[in-house]
Structure formats: structure tokens, C-alpha cells
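The values are calculated or read from the model by the stated rules, or taken from the named source; none is laboratory data. Just so it is clear, the model here is predicted, and its values are computed rather than measured. For neighbour counting, all protein chains shown are included, and Cβ atoms are generated from backbone atoms with ideal geometry for every residue, glycine included. Ligands, DNA and RNA are stripped out before the accessible areas are found, and what is left, the full protein with its side chains, is counted by its heavy atoms. Shrake-Rupley method; radii C 1.70, N 1.55, O 1.52, S 1.80 Å.
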Amino acid sequence: MNKFIFKIIIFVIPVLGLYVVEGFLPSFTFTYRPWEALDFQTKFDFERTFYPNKKVQMEAVGQLCHHTPHAIVKEETWKTDKLGNRNDTFIQNPDVLIIGDSFMAGCCVTQDSTITNLLKSELGDETKIYNIAPGEFSRADYYLSSGIIEKPDLIVYSKSERYVPKSLEEYKDSRSLKTDLKKLFENNSTFSGISVFLDKALRHYSKNWLQARLTNQNGDGVPGVEGSGMFFFNTAAQEDDPNLVRNTDTDLERTKNNIVSYKEYCDANGIDFLFLPMPNKATVYYEYVPFKEQPDYLFKLDSMLRAEGITTVNTLKLYNDYRESNDKLLYHLDDTHWNSTGVYLVSKELAGTIENSRLLARE
Amino acid sequence: MIFTSTSFLIFFTLFYLLYWFVTNKNLRIQNLLLLAGSYFFYALADWRLLAFLVAVSALNYFLGIYIEKTENQLRKRLLLNVGLIQGLGGLIYFKYFNFFIASFNEVLQSLHFNVHVRTLQILLPLGISFFTFKTISYILDVYKGKIEATKDWLVFFNYVSFFPTILSGPIDKARAFVPQLQKKRVFEYSLAVDGMRQILWGMFKKVVIADNILVYTDQIFSNYESLSGSTLLLGAFLYTIQLYADFSGYSDMAIGLGRLLGFNVAKNFNFPFFAQNIADFWRKWHISLTSWLTEYVFTPLSIAFRDYGKLGLILAILINFVLIGIWHGANWTFAVFGFLHGCYFIPLILRGTMNKRKKIAKGKVLPSFRESLNMGATFLLVMLANIIFRADNIGHAWGYFLSILSNPLFSFSTAGMEGINVNPHLLIMLGLSIVMLIFGWFQRNKEHALQFQDMKTSRAFRWSIYYLLAVAIIYYQSSYKQFIYFQF
């Protein structure tokens, strides 16, 4: 028996060694941007999106044409808090809670240019802003119901034009063993460290990197019109996604209904609500796709939501107005996400809307 | 929790250490651990029907004892029938009830009756086809006096629910497996090492070949109307390889796991693609099922029909193979698949060569031209039948056959289906499939392709192969993991 076990160990050590080495390597070793470096890929996340309490600084490129001459290198810094959300620090009692997707999480922008930090500059340092993107509204309900975060004054919910928001699944089991265990793991630095190590060891990034390089994968972006230097998101790969917007009335109706349900949730809990739509790059720069005319999905949605009494920011109009008088880009050429200029404009407009609508009016 | 998952690796490592280091001194405690492990494994797959598995085990355990004890033949027969009704009734209810209702509704509708019988929401117990055949063979053997009924409930419950084989076989017969549970297991180094090799080979077949080929077969079978004849033939070829790699891969892992625990589990595959004719193929494919049906269905039927000569034999074969077909599931495609295979036997029966056995390329490296031709023809027949096996329904299978004949042979129309284009990944998979077959060819007289005992191979050669396979498994593992035969 001992001989057999010895033989197995001898065989397994080099194989396991690969995993162990990967567990110890910096999280960004086999990635081209911080998102994948910090993103949990296995089941060790305990409701967290990114590795908790991490700071990553790396030279990143966009997702649409990485490993090609079109990729543009940019220095990015990412910081996550103890819950694995992209914030400078964890805030338990925020005034503003931001929920959203990769735009709100700050994909492709450095830490100082995230919507959280730019909005804080606009509203003043005394305003406590906490960001839980990427995550749907259900995640916010989990945080609030289980007492991880106290009730904020305002929830800003953002969604990219590309997807219909998911319907709210209210979290009911706030006192279960599962929740207690989750909290235990979330709050304990040893458990967090182990879960991050295991995730790095088991997410097979070296293998994926090797496969990607051997098969020459370089992003699935679609080049825009010649001379524009722009790449656009290829929705063909996501055709099966039921939440992909196909510019139909049904999508508009579903989006509106879900956002109204979020508003009702906030009303019931005494929280103000604001919706912030994020236009697709292909909508803002439609002439470079090229489309004959600008898709009007967000304009229609804006009218529908305003009719329902929902405070919203007309981001597309904001970007259109800016483009009329400025040449500066609002989105990265090699990525589908906004750049720091795009974030800055939105944060300014968002702060203005919050102030004008007296959403954070303090006594 | 499937064999190729990390959770199974953790479970089995812990179980193995407890099995050999903590409970090995006491057979009863070791069997108790084995049962607990088996129930834990089953409950993780679907805990809701664990009680059914326990109840089936308990019923058949008592039936076995009372069948043996009873002197009265009528009562003996009655007890046997209770077991058969439970076994076959359970199978019919769980697997076929809704199928019968649906077929009945279709018949009514075709006769313009406006009646609709409602189907039921039935939870199918995983592995029911496998453990039911175990319990049926057990009570039949006890009834016929071939084996003694086991008085140890722990032994019997373990026989029914042995975790390496409960979900997809092989189907061990009680007379071969129960005695192994009754005697103290002694760790055998060579058995364990061979078990590990067989697991590695099984994982290679499943993770590398079956799971990666699946992407192509799914696309081809879903879009058969717009694909060329050659692509459709390639789809049928790939599916045949996939089915073999998937199921024989699972069987290899199950047998290997059994060996690690000190058991000799029934062999399930014997390099079927080197079969010389269809009878030879079925002696090498899903052996535990075919030997079960041969013993309990085909032999009694052929005895019953013996007065009708070759016609009786044909009838017995057809019934046997239709049963093999529908054992796989409630779909007419399986019945037709079985019937077609039964028909393949007819020329052999008429020529009286069904039972002729001849070792292929005996003492030679390569097969003769005639043997190669026979192998090729048998493979082709199996491949064509597998189109029906894979199809969603008869219409789908028929459409696939028609498309092979009517679509252009080489004009590809793969718009939106990039995967079907000849790409490096597909070529690598075809290459690895050939490697699998070549390995199999040179090891065709062994239990499995990685069995190196009694061979003059250097350690460096063997270990290089182990590591190459391990690297291939790590490199080519895909997200798809479910085994095809879990559904049966």
C-alpha cells in the first residue's frame, strides 16, 4: 500500500505542482486586464465578484482586439474592498449605493476614474458612496436584507443598453446557516485568502492562456469603418442570451417593468431611486459601425421611464451633445467600455441630477 | 458528482483513506463505510430518490431469503413474480409510463378521437436501469438455485448500490460480485496500479475525446438539413467515436475505481471497433448488458422457439435487440435502433456463422485485407444505426439519412456554424481518436489499452504516456461533463 501511495504522489506532484504554482503567482500573470485577474472563476467566491482586499496595477488592453497591433496599452489600478467590490474601502452605511454592470465596476478605467470616485469628487467627500457592481439588483437586496450594508438614501441602478435587467429576486433567508457561513467567510481574512488561493490554483488560467495563444485568440471585436480605428462588441457570440436586447418592444417593456419594480422596492424601503442607462459604443459611434442612423432604444426607454415617474439620466443625449462640440473620445478604441472622459461626463451629469432632484437632500 | 469532477476526487481520496487505513481490519465496518459512501454518492446526484433505492434493496433482500427458504413451488414463483413486478414495474413506471401515454395520445389523435390522457410528472431515479437489472438477476438466480440468497443485508445493499457502478454500470451479476463483498479485501498492489491506469485511460477517452467531439456532433445533428452528405457522414462517424469514448471511458473509470477498492468489476467493452461482424461487435460492446439479456431473455426465448429453427432464432434475436434498444430509453428511436441491429444478425443466422469466433490478426501486427474489410463493414453498420440512436425522434433520423443521400456530397454550407469547418481542433480530435484506436489495436488482447503488465516496456516509456495523457486531460477538459449513459 505504501508503495502504491508513494507512486501516486510521485505521479501527482508535477501535475498538482502546476496548480500550486499558479495559486502563488500574481493574479494578473496570465491575463490582459485586471477584470479577469481579480474575477472569481470557481465556486469559492461566497457571493463575491472579485478577490477581496486586493490592489492590482498592470498594463491592460481592451477586450476587443487584444494580442493584435490594434490593442492600446493603458496603465490600470484596481482596488477591492473586503467584500470583493471595487471600492477604496468598505462602507457599511453608504449614502449612495451603486448597482450596475461592467461600466459601473469601472472596466477599463483606473481606480481614480471609477464612477464611485468621480461622483464623490462631484458630491463632496462627506458623501459616502458604495459600489457593488457588477451585480444585479438582487445582490443589493441580499446585502440589505442580511444586514451586510445598511439602508442607503439613494440607489443608483445602471444597466448597459445591450441587456435587459434581470427581475428582482428578493432575498428572504436572512438568518440561515448559509448566510451566516457566507458572512463568516466574507469577514475572515484567512478564509478569504484560502478561497483566493484555491480560485487562482483551480481556474486554469495558464492552460487557457496556452490554448488562447496556440489558437491565436485575439478578442471577438468587429472592426469599424476603415480609418476609425474602432472595434465594436460582437453580439453574435451572445445571440442565445435571453437578456440580450434586440431592439424590440418586448425588450423595452421588460426593461421598463423591471426598473419600475426596482423603484417600487426602493419606495417600500424608503430609499430614493435613480436609473442610469449606459449606451452601447455602437450607439454613440453609430456612424463608425456603420449604422444608417442612431438606434433610439435608449430614447424610447427614457420617455417610458419618465412617464412612470422614474428619475433617470439621459446619457445618450449627454454623449451626443458632447460629441457635437468635442473630438475627444468617450469610449476606448479597443474596448466596448467608456474611458475616463466618458465617466467624468456621466459623473458630472449624475451629480447634477442628484442635486437638482434633491435626492440626497440632508436636513 | 461525476468521476471527472474535483468534488469526486476529494470524496474518493477521503473515502479511500478511510476504507484502507481505518476500516480495513473489520470487513463489516468496511462494508458499512462502503454503503455509506455509496448512499452519499447517490444522494448527491439526487437525494429525493435515495429512499426508493433503499426500499428496492430491502424488498429484494427479503425476497431472496424467502424464495430460497420456501419449499412450496407456487409460493416460490409468487415471490419471484413480486420481485419481477417491482423491478420491471418500476422501470416501466419511471422510464416508460409517459412515453406510453404520449404514444397512446398520438394514436387517438390520428384516429380523430378528441381525448387526451394526461402524462405524469415523474422523477426518474438515476441508474434505475442498472440497479434494477442487478436485483432481477439476483432473485432469478436465487429462484433457479444458481446462487444462495445472501443473509447479510449489508452485503446485498452494497451489491445493489456500489457507487462506482450504480449510475452507469457495468451491471455486475450477483454470483460474481456478492462473494467479493463477503470476503475480506486485501490490498493488491498490481490490481490498484492497474486500476489507476484504467482510470487514466477512461478519463482520457471521456474528457479529451468524448467531451470535445460532442461540440461537433451536436452542431451536425442539429443542422443536418443544411449540411453536405460528407459532413453528415463525418457527424455519424464522430458520434460513434463519441459514444464509445464516453461510455467505455465511464466503464473504465468505474472498473478502475472498483479495482482500487479491491473489486473485480465486470468488463464492459472489449475493443468493439475491431469486431469482425455484428455478433462479434455485441460480444465486445456493453458486454454486461448483452450478457445479462443473453442469459435472461435470449437463451430462454431461443429455447422456447427452437422448434421453429432459424426463424425462431431470428425472432429471439429481434425481441432481444428491441429490448436492448428500449432499455436505453422511452423513444421509438431506441426501439428502431435495436430492431435494426437485430436485422443485422439475420444474414449471420442464415449462414450459421453467428456464434463463430475467430481472433483477429492472431500473432500478427496488422489485420489481413479480409479482416480489415470485415472491421470496416461492421463499423459502417454500427455507425449508421447510431444515427437513429442519436436522433431526437424517428423523423429526425429519417431526415438525417435522406440528407446524406440528397444533399451535395462535398458542398459545405456551414454559415454560422464555424465549428463544423475543418479546424485545428477538429483535426486534433480526429488524430487523438486514431491514437485511441491504435492503442486499442496493440492492446486488444488486454483488459484495457493501458494495461502494461507482462509487457517489456521501460518505465520512462510508461510514465511518458501517463504524463502525456494527464496533460491532454488538463489541456482539453471542457465545460461539458455529463455522461451519455447517465440518462439511461
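Report yes if A:L329 is of a type outside the set (F, W, Y) and buried (at least 19 other Cβ atoms within 10 Å of the Cβ), otherwise no. For A:L329, the condition - of a type outside the set (F, W, Y) and buried (at least 19 other Cβ atoms within 10 Å of the Cβ) - is not met. Within region B:55-99, the residues that satisfy the criterion of being polar (S, T, N, Q) and part of a helix (DSSP H, G or I) are B:S57, B:N60, B:Q73, B:N81, B:Q86, B:N98.
Being of a type outside the set (V, I, T) and more than 14 Å from chain B (Cβ to nearest Cβ) is a description that applies to A:D141. The residues of region A:101-114 that are assigned to a loop (DSSP other than H, G, I, E, B), buried (at least 24 other Cβ atoms within 10 Å of the Cβ) and not aliphatic (A, V, I, L, M), listed by number, are A:G106, A:C107, A:C108, A:T114. Considering region A:169-185, the residues that are hydroxyl-bearing (S, T, Y) and assigned to a loop (DSSP other than H, G, I, E, B) include one that is modelled with the highest pLDDT, namely A:Y171. From the residues in region B:1-46 that are in a loop (DSSP other than H, G, I, E, B) and aliphatic (A, V, I, L, M), which one is nearest to the other protein chains (Cβ to nearest Cβ)? Among those that are in a loop (DSSP other than H, G, I, E, B) and aliphatic (A, V, I, L, M), it is B:M1.
Being away from chain B (no Cβ under 14 Å) and either open to solvent by less than 30 Å² (accessible area, probe 1.4 Å) or in a loop (DSSP other than H, G, I, E, B) (or both) is the filter here; which residues of region A:186-199 pass it? Scanning region A:186-199 gives A:E186, A:N188, A:S192, A:S195, A:V196. The sole residue among A:R306, A:R254 that is more than 30 Å from A:N93 (Cα to Cα) and open to solvent by 60 Å² or more (accessible area, probe 1.4 Å) is A:R254.
Could you check, for region A:338-354, whether at least one of its residues is of a type in the set (V, I, T) and more than 28 Å from A:C65 (Cα to Cα)? Yes, that holds for at least one residue. Among the residues in region B:124-135, are any open to solvent by less than 30 Å² (accessible area, probe 1.4 Å), in a loop (DSSP other than H, G, I, E, B) and either more than 23 Å from B:L35 (Cα to Cα) or in contact (Cβ under 8 Å) with a residue 12 or more places away in the chain (or both)? There is at least one residue in region B:124-135 that is open to solvent by less than 30 Å² (accessible area, probe 1.4 Å), in a loop (DSSP other than H, G, I, E, B) and either more than 23 Å from B:L35 (Cα to Cα) or in contact (Cβ under 8 Å) with a residue 12 or more places away in the chain (or both).
For (1) within 14 Å of another protein chain (Cβ to nearest Cβ); (2) open to solvent by less than 50 Å² (accessible area, probe 1.4 Å); (3) of a type outside the set (A, V, I, L, M); (4) not in a loop (DSSP other than H, G, I, E, B), each residue gets a yes or a no:
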| position | (1), (2), (3), (4) |
| --- | --- |
| A:I148 | no, yes, no, no |
| A:K159 | no, yes, yes, yes |
| A:W209 | yes, no, yes, yes |
| A:N216 | yes, no, yes, no |
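One residue stands out in region B:441-468 among those that are of a type in the set (A, V, I, L, M, F, W, C) and within 14 Å of another protein chain (Cβ to nearest Cβ): the one that is farthest from B:W285 (Cα to Cα), namely B:A460.
For region A:6-14, the condition holds for no residue, the condition being that it is farther than 27 Å from B:Y189 by Cβ, within 11 Å of chain B (Cβ to nearest Cβ), assigned to a helix (DSSP H, G or I) and over 30 Å from the mean Cα position of the chain (by Cα). Tell me whether region B:225-245 contains one or more residues that are in contact with a Gly (Cβ under 8 Å, 6 or more places away or on another chain), open to solvent by less than 10 Å² (accessible area, probe 1.4 Å) and either at pLDDT 95 or above or β-branched (V, I, T) (or both). Within region B:225-245 (the criterion being in contact with a Gly (Cβ under 8 Å, 6 or more places away or on another chain), open to solvent by less than 10 Å² (accessible area, probe 1.4 Å) and either at pLDDT 95 or above or β-branched (V, I, T) (or both)), the answer is no, since none of the residues qualifies. Scanning region A:44-84 for residues that are open to solvent by 10 Å² or more (accessible area, probe 1.4 Å) and among the aromatic types (F, W, Y) returns A:F44, A:F46.
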